[in-house]
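The values are calculated or read from the model by the stated rules, or taken from the named source; none is laboratory data. Note that the coordinates shown come from a computational prediction; the quantities given were computed from them, not determined experimentally. Positions of Cβ are generated from backbone atoms using ideal geometry, with glycine treated the same way; all protein chains shown enter the neighbour counts.
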Amino acid sequence: MSGEPIGAIEAKAIGLVDQIAEGDLVTAAVAFAEQVIGRKPLPSVRELAGHIDQAKREPSTFEKVRKDIAARSRGGKAALRCVDAVQAAVDLPFDEGMKREQALFKEALESTESLALRHIFFAERQAAKIPDVEANTPTLPVRRVAVLGAGTMGGGIAMAFANAGIAAILVDREQALVDKGLEIIKKNYASTVSKGKLAQSEMDARVARVTGATNWDGFGEVDLVIEAVFEEMGLKKEIFGKLDKACRKDAILATNTSTLDVNEIAQSTSRPEQVIGLHFFSPANVMRLLEIVRGSATSKPVVATAMKLSKQINKVGVLVGVCPGFVGNRMLHAYFRESNFLLEEGALPQQIDGVMTRFGLAMGPCATSDLAGLDVGWRIRKGQPKPKPPERYSGAVGDRLAEMGRFGQKTGAGFYRYQPGSRTPTPDPEVEAIIVAVSKELGIERRAVTDDEILERCMYSMINEGAKILDEGIALRASDIDTVWINGYGFPAHRGGPMFYADTVGLPVIYARVLEFAAKHGKVWTPSPLLERLAREKKTFASLDADKG
Ligand SMILES: NC(=O)c1ccc[n+]([C@@H]2O[C@H](COP(=O)([O-])OP(=O)(O)OC[C@H]3O[C@@H](n4cnc5c(N)ncnc54)[C@H](O)[C@@H]3O)[C@@H](O)[C@H]2O)c1
C-alpha cells in the first residue's frame with residue numbers, strides 16, 4: 001500500500017512471482033515455459049485460492065488495515081482503493097473481482113488526487129532546472145565541509161552530510177557545546193540503529209565523519225562552510241568577514257539564516273559571488289526540503305553546485321530569492337496570521353487545527369506553534385514595531401500565552417496542555433479563557449466561526465502570498481512553491497501543494513473571496529496583482545508555469 005518497490009526475492013517469498021531466473025534469462029525462461037506446459041491441466045491463477053483463504057476466514061483484517069491506512073494517508077484515497085480491490089478479490093467471484101478492480105482503478109486514475117500526485121512528481125524534477133543556469137555550468141567539488149554552530153540546526157546539518165559520505169567539521173564556541181552537539185548526533189544514530197533501520201557499522205562510519213572543533217584550523221581545506229549560529233545580523237556579518245579570510249578563495253560560504261538578508265551578509269565578504277543561503281528545515285537530518293537562497297551576486301557555478309549538492313545529501317533543493325522568510329516561512333507567516341485572527345474572532349485552537357488536519361496537513365497551526373516554541377515568535381515580535389490601527393496585530397494571543405511561560409511542548413503547555421513526556425495536545429479550558437479575555441480586551445465580539453471560513457482564510461492567505469512571491473520572482477514557478485510546502489511543511493501530497501490546490505478551487509473563486517476578506521479585514525488581504533490577472537483571464541498557476549516553458 002505504500003508504493004515502495006520490493007526486490008525479486010521478497011516477491012517470490014510472498015507468491016507474487018513463480019520463479020527467479022539465475023544466469024541467462026532466455027534459457028531460464030524457456031526452461032520454465034517447458035516445465036509449465038508439461039503440467040496437465042494447465043494451472044490457472046484464478047483458481048489458486050490458497051493466498052486468500054486466511055483473509056476469507058478473517059474479514060475483520062480489512063477493517064484493521066483500512067483504519068491504519070486512513071490514519072497515515074491523511075485523507076488520500078488511493079491506498080484505500082487498493083484495499084477495496086484486494087477485498088473484492090477475496091469476496092467476489094474472479095470475473096466480478098476483476099471488474100471491481102478495474103472500476104476502482106478508473107476512479108483513482110481520474111481523481112484530482114492522482115493529478116496532484118503526478119504534479120508533485122514532476123514538480124520535484126522541474127525544480128532542479130534553473131532557466132539561466134545551463135546544465136553544463138561547472139560545479140565545484142564538495143568533499144569536506146565545516147558547520148559553524150553545533151546547536152539544533154548545526155548538528156542535523158552535519159548529519160545530513162555524514163549520511164551522504166561527506167566529512168564535516170562541527171564547530172562551536174566552547175568544547176562543552178561541541179561535545180553536546182556530537183553527543184546528540186550519536187544519540188540520534190543510536191536510536192535509528194535500535195529501530196533496526198541502520199547497521200551499527202554504518203552508524204560508526206557516519207559518526208566518524210563528523211569531527212568537533214572550537215577553532216577554525218581546518219577551514220583552509222574545506223570546500224563549503226555552512227553557518228548556523230544565532231540569528232543575529234551583527235554576529236553573522238562578523239563571522240562572514242572572518243570566514244572570507246580563513247577559507248580558500250574558491251570555497252563557498254553559506255548561511256542557514258531563516259529571516260536575515262543574505263545580500264547584506266554577503267556584503268561583509270570580499271566574495272559575495274561565493275555566498276549563498278542554504279536554508280535547512282528542522283530536524284535538518286530528516287526534513288527533505290532545502291531552500292537554496294540565491295543572493296543578487298551569487299554566481300551561477302555556486303548556484304549549480306548547491307543544486308547538485310542538495311541531491312547528493314538526499315534533499316529536494318528549491319531555488320528561491322531573497323526576501324523576509326523566503327518562500328516557505330513567508331507564506332507560513334500569512335497563514336499563521338489568519339489563524340491568530342480567527343482565534344480572536346471566535347475560533348479555538350482545536351477547531352482550527354481540526355480543520356487543517358482534516359484537510360490533510362500533518363499538524364494544524366496551533367499545534368505547530370507549540371512544537372516550534374511560542375517564545376520564538378514572541379521574542380521576534382518584541383523587537384518589531386506593532387502595526388498601527390486599523391491594521392491588526394496578530395500576536396495578541398501568542399504573547400499572552402508566552403508571558404505566562406506557556407512556550408508550547410517544551411514547557412508542557414502552550415495553545416494546548418501536554419502530559420509529561422507526551423507530544424499529544426490536549427485542549428485546555430484555561431487557554432479558552434485566555435483567548436476569550438483577549439477578544440474582550442480587543443473589543444471583538446466573538447462569533448461562531450465556520451469550518452469553511454477557517455479553511456478559506458488559512459489557505460487563501462497562503463495562496464495570495466504565494467502569488468505575490470511568484471510575481472516578485474522570489475520563486476521561479478508555482479510548482480516550486482508546491483515542492484517547498486510538500487517537503488518542508490507537511491502539506492498533503494494528495495492535494496498537490498497550495499498553488500495546485502488553488503487551481504483546483506479555481507482562481508476566480510479565490511480572488512473573489514480575497515476581495516471580500518480585504519474589504520472586511522484590511523490591507524493584509526490586498527490581492528496579489530498576479531492572482532487578479534489570472535482570475536480575470538480565467539487562467540491557472542499551472543498555465544503560467546507552462547507558458548514559462
Ligand atoms: N531552529 C530552527 O528550526 C531553524 C530552522 C531553519 C533555520 N534556522 C536558523 O539556523 C541558525 C541556528 O539556529 P539553531 O536553532 O540551531 O540555534 P541554536 O541556538 O540551537 O544553535 C546556535 C549555536 O551557535 C553557536 N554559536 C553562537 N555563536 C557562535 C560563534 N561565534 N562560533 C561558533 N558557534 C557559535 C551557539 O553556541 C549554539 O550552539 C539560525 O540562523 C536560525 O535562524 C533555525
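Residues of the stretch 1-19 being farther than 30 Å from residue 74 by Cβ and either surrounded by 11 or more Cβ atoms within 10 Å (Cβ to Cβ) or hydroxyl-bearing (Ser, Thr, Tyr) (or both), which ones?
The answer is 8, 12, 13, 17, 18, 19.
Pairs please, first residue from the stretch 227-253 and of a type in the set (Gly, Ala, Ser), second anywhere and near the ligand (Cβ under 8 Å from one of its atoms), Cβ atoms under 7 Å, 6+ apart in sequence or on different chains.
That search, which allows pairs on different chains as well, returns 228/148; 228/149; 228/151; 228/153; 228/154; 228/256.
Based on this model, can you work out whether residue 40 counts as under 20 Å from residue 90 (Cβ atoms) and basic (Lys, Arg)?
Working: under 20 Å from residue 90 (Cβ atoms): no; basic (Lys, Arg): yes.
The answer is no for residue 40.
Residue-wise test of (1) within 23 Å of residue 357 (Cα to Cα); (2) out of contact with any helix residue (DSSP H, G or I) (no Cβ under 6 Å at 6 or more places or on another chain).
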site: 446; (1), (2): no, no
site: 450; (1), (2): yes, yes
site: 458; (1), (2): yes, no
site: 463; (1), (2): yes, no
site: 467; (1), (2): no, no
site: 474; (1), (2): no, yes
site: 477; (1), (2): no, no
site: 485; (1), (2): yes, no
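Being surrounded by fewer than 17 Cβ atoms within 10 Å (Cβ to Cβ) and not basic (Lys, Arg) is the filter; apply it to the stretch 169-183 and report the residue that is nearest to the ligand (Cβ to nearest atom). Write out each step before concluding.
Looking only at the stretch 169-183, we keep the residues that are surrounded by fewer than 17 Cβ atoms within 10 Å (Cβ to Cβ), and these are 173-176, 179-180, 183.
Those left that are additionally not basic (Lys, Arg): 174-176, 179, 183.
Details: 174: 7, 175: 11, 176: 10, 179: 11, 183: 13 Å.
Across the stretch 169-183, the extreme among qualifying residues is 174.
Among the residues of the stretch 246-259, which ones are within 15 Å of the ligand (Cβ to nearest atom) and modelled with pLDDT of 95 or more?
246, 247, 253, 254, 255, 256, 257
How do the pairs read when you match residues in the stretch 171-184 that are part of a loop (DSSP other than H, G, I, E, B) with residues anywhere that are near the ligand (Cβ under 7 Å from one of its atoms), using Cβ under 6 Å and keeping only pairs 6 or more apart or on different chains?
Listed pairs, sorted by first residue: 172/150.
From the residues in the stretch 154-168 that are free of Cβ contacts under 8 Å to residues at least 60 places away in the same chain and in contact with a Phe, Trp or Tyr (Cβ under 8 Å, 6 or more places away or on another chain), which one is surrounded by the most Cβ atoms within 10 Å (Cβ to Cβ)?
Top of the filtered list is 168.
Does the stretch 199-211 include one or more residues that are away from the ligand (no atom under 14 Å from the Cβ), basic (Lys, Arg) and under 25 Å from residue 277 (Cβ atoms)? Working first, answer last.
As a first pass, look at the stretch 199-211 and keep what is away from the ligand (no atom under 14 Å from the Cβ): 199-211.
Among the residues that remain, those that are also basic (Lys, Arg) are: 206, 209.
Next, from what is left, pick out any that are under 25 Å from residue 277 (Cβ atoms): 209.
Yes, the stretch 199-211 has at least one match.
Considering only residues that are charged (D, E, K, R) and surrounded by 10 or more Cβ atoms within 10 Å (Cβ to Cβ), which ones fall in the stretch 25-52? Explain how you work it out, then say what you get.
Initial filter on the stretch 25-52 (charged (D, E, K, R)): 34, 39-40, 46-47.
Listed by number, the list holds a single entry, 46.
Residue check, residue 161 against (1) more than 8 Å from the ligand (Cβ to nearest atom); (2) on the phi > 0 side of the Ramachandran plot, all met but one. Which one?
Residue 161 satisfies all of (1) more than 8 Å from the ligand (Cβ to nearest atom); (2) on the phi > 0 side of the Ramachandran plot except (2).
Among (1) touching a residue at least 60 places away in the same chain (Cβ under 8 Å); (2) β-branched (Val, Ile, Thr); (3) away from the ligand (no atom under 16 Å from the Cβ), there is one condition residue 192 misses while meeting the rest; what is its number?
Residue 192 satisfies every listed condition except (1).
Looking at 412, 421, 377, which is the one that is touching a residue at least 12 places away in the same chain (Cβ under 8 Å) and within 29 Å of the chain's Cα centre (by Cα)? Walk me through it before giving the result.
Values: 412 fails: touching a residue at least 12 places away in the same chain (Cβ under 8 Å); 421 fails: touching a residue at least 12 places away in the same chain (Cβ under 8 Å).
Result of the check over 412, 421, 377: 377.
Are any of the residues in the stretch 508-519 of a type in the set (Lys, Arg), out of contact with any Ser or Thr (no Cβ under 8 Å at 6 or more places or on another chain), in contact (Cβ under 8 Å) with a residue 12 or more places away in the chain and assigned to a helix (DSSP H, G or I)? Spell out how you get there, then give the answer.
Taking the stretch 508-519 as the starting set, the residues that turn out to be of a type in the set (Lys, Arg) are 513.
Those still in the list that are out of contact with any Ser or Thr (no Cβ under 8 Å at 6 or more places or on another chain) too: 513.
From what's left, in contact (Cβ under 8 Å) with a residue 12 or more places away in the chain: 513.
Now narrow it down to the ones that are assigned to a helix (DSSP H, G or I): 513.
So far as the stretch 508-519 goes, yes, one or more of its residues are of a type in the set (Lys, Arg), out of contact with any Ser or Thr (no Cβ under 8 Å at 6 or more places or on another chain), in contact (Cβ under 8 Å) with a residue 12 or more places away in the chain and assigned to a helix (DSSP H, G or I).
For residue 198, work out the one condition from (1) closer than 30 Å to residue 78 by Cβ; (2) assigned by TED's automatic domain parsing to the domain that holds residue 258; (3) in contact with an Asp or Glu (Cβ under 8 Å, 6 or more places away or on another chain) it doesn't fulfil.
The failed condition is (3).
Only one of 276, 226 is within 12 Å of the ligand (Cβ to nearest atom) and part of a strand (DSSP E or B). Can you tell me which? Don't jump to the end; show me each part of the working.
Working: 276 fails: within 12 Å of the ligand (Cβ to nearest atom).
Exactly one of 276, 226 is within 12 Å of the ligand (Cβ to nearest atom) and part of a strand (DSSP E or B), namely 226.
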